[in-house]
Structure formats: C-alpha cells, structure tokens
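Novice: Below is the structure I would like to discuss, written out as structure tokens.
Bear in mind these aren't lab numbers, they're just calculated from the coordinates by the rules spelled out. All values derive from a computational prediction rather than experimental measurement. Every residue, glycine among them, receives a Cβ derived from its backbone with ideal geometry; neighbour counts consider all protein chains shown.
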Amino acid sequence: SFFLCSAHQNRIGTGTMGSAAFLLAFSLALIAVCSGGSDAPRGVAVGFVFDPNAKCEPACRHAGLCIRNNTCFCAKGYEGETCQHANCFPKCKNGGACLRPGKCRCPPGFGGRYCHKVTCDGGCWNGGECLAVNGAARCVCPSSWTGSKCQHAICPQGCRNGGVCVAPGICSCPDGWLGGACHTAVCSRACMNGGKCISPNKCRCRPPFSGPRCGDRKRIH
Ligand SMILES: *[C@@H]1O[C@H](CO)[C@@H](O)[C@H](O)[C@H]1NC(C)=O
C-alpha cells in the first residue's frame, strides 16, 4: 500500500540524522498538503510515491531513502542509483574526482576547491607561467628561457669551449676564453709578428716566425 497522510510516522522516524532532517521537511510538506484540502491525489502530493514497505537492494547509501522497490531518494549532495556518488557544484575540473559533496580530489598538477587552479611543482622561474597544457600542468616559458621550470637560459649564439649560458644571450666563459660565445682565446702575452692566438696562451705563427709568441725568426741558410 502506498503512503497515506498521517500513516507510518514511526517507521520513517528511524533514519540517520541526514534522513531525519529530510523527513522532517517531508512530513511538514505532507502536513501542509494534507491539511490544505488539496485536490492532489493522496500520497503523491510531494512529487513521488513513497512506499513504506519498499525494499532497496543494494541499500540506499549516504542517508538516501528507499521510497519504492529499488528506488532511492538521495540526500542533498548525492546521486546515483544507490546514492553512491557525491556531487560537486561547481563540478571538479581537470579530471578531479568528487570525494564528498563539494570536496574534489585533484590530480597532480591541479589544486583549489574545484581543481581549477593549475599548480606547477616548484613553481615557474624567470617569468614562466604555469598553465594546463593537454591536461597537465606545465611551465610555459618566455622565449629566452627553457627547462621544466624555465630555469635554463637560452644563448642563441651558443657557448663554446666549455662556456655556460647563465642568462639570455650571456655565456660565462672558462679561463682563457672570452667573447659572446667564448670563441676568442686569450693569450696573456700577445702573439707577435702577425701571429694569431688560437687557444689559451697558444699562438699560431706566420712564416717565417716561430716560438711560443712567434718571436723567433727561423734562420734560412
Ligand atoms: C516490492 O518487493 C517485494 C518483494 O521484495 C514485493 O513483495 C512487493 O510487492 C514489491 N512492491 C511493489 C510496490 O512492487
């Protein structure tokens, strides 16, 4: 038999706190309907038919009410056949899972109440911006920086002879080398007679000169 006004109050008072609160509202709605002389058919006035003998198998979860055989009426914040799914509003973004009403579990790289914030582990350096790229958090670097955190400067000219790019376009050169790309050898004492410094303290001499600094003239007999 379906629910009638004033019937079965004892049975429906035995739920959890969640369903007790719901049932209070439910009962008040019924009282309003039953005492108001409504023309609505009895038992269906609040929008659904409530069968007090209904059996739900598996049972309704999260304080959901079994209102008809295998039909659960879910408490606020839950949905699904057995009220098994929490729902989150706004929905969890970026692949986050709704753990309980309003609480998202976010995948790596995302945070915030709705997983709407992108978080790059360790941050982005040198003006890099943390953005979602193909569903993953990434640092998007300014043009002169690269690396997962934009930690590596780019030297378009290249750093040669063991030089290290330390800032955009700036090489730090090892001893004995100079120049924008560490391409100029340093000879602490200048090469003479048109000789050329080709590596640190090493001259390449023009004939007929020779010696460490091209200071010797070969004797031609
Ligand atoms: C609900 O299911 C039970 C058996 O589990 C059955 O006896 C009863 O008639 C069903 N009620 C309705 C309204 O179908």
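Novice: Taking Cα pairs under 8 Å and at least six residues apart, what relative contact order does the range 117-190 come out at, in percent?
Specialist: 18
Novice: Please give me the summed charge of the neighbours of C106: other residues whose Cβ is under 9 Å from its Cβ, Lys and Arg +1, Asp and Glu -1.
Specialist: +3
Novice: Now, a different point. Per 0.36 nm of contour for each residue apart, how much would the distance between S148 and H85 grow if the chain were fully extended, relative to their Cα-Cα spacing?
Specialist: Here the segment from S148 to H85 would lengthen by 19.0 nm.
Novice: With the cut-off at 13 Å, report for the range 79-125 the share of all Cα pairs above it, as a whole percent.
Specialist: 54
Novice: Work out, in µm²/s and without decimals, the Stokes-Einstein translational diffusion coefficient of the range 85-160 at 10 °C, 1.306 mPa s, Rh from Kirkwood over C-alpha pairs.
Specialist: 115
Novice: Mind listing the long-range amide H neighbours of Y78? Cut-off is under 5 Å, sequence gap 5 or more, other chains count too, H placed in the peptide plane at 1.01 Å from N.
Specialist: Those lying under 5 Å, H to H, from Y78 are N87.
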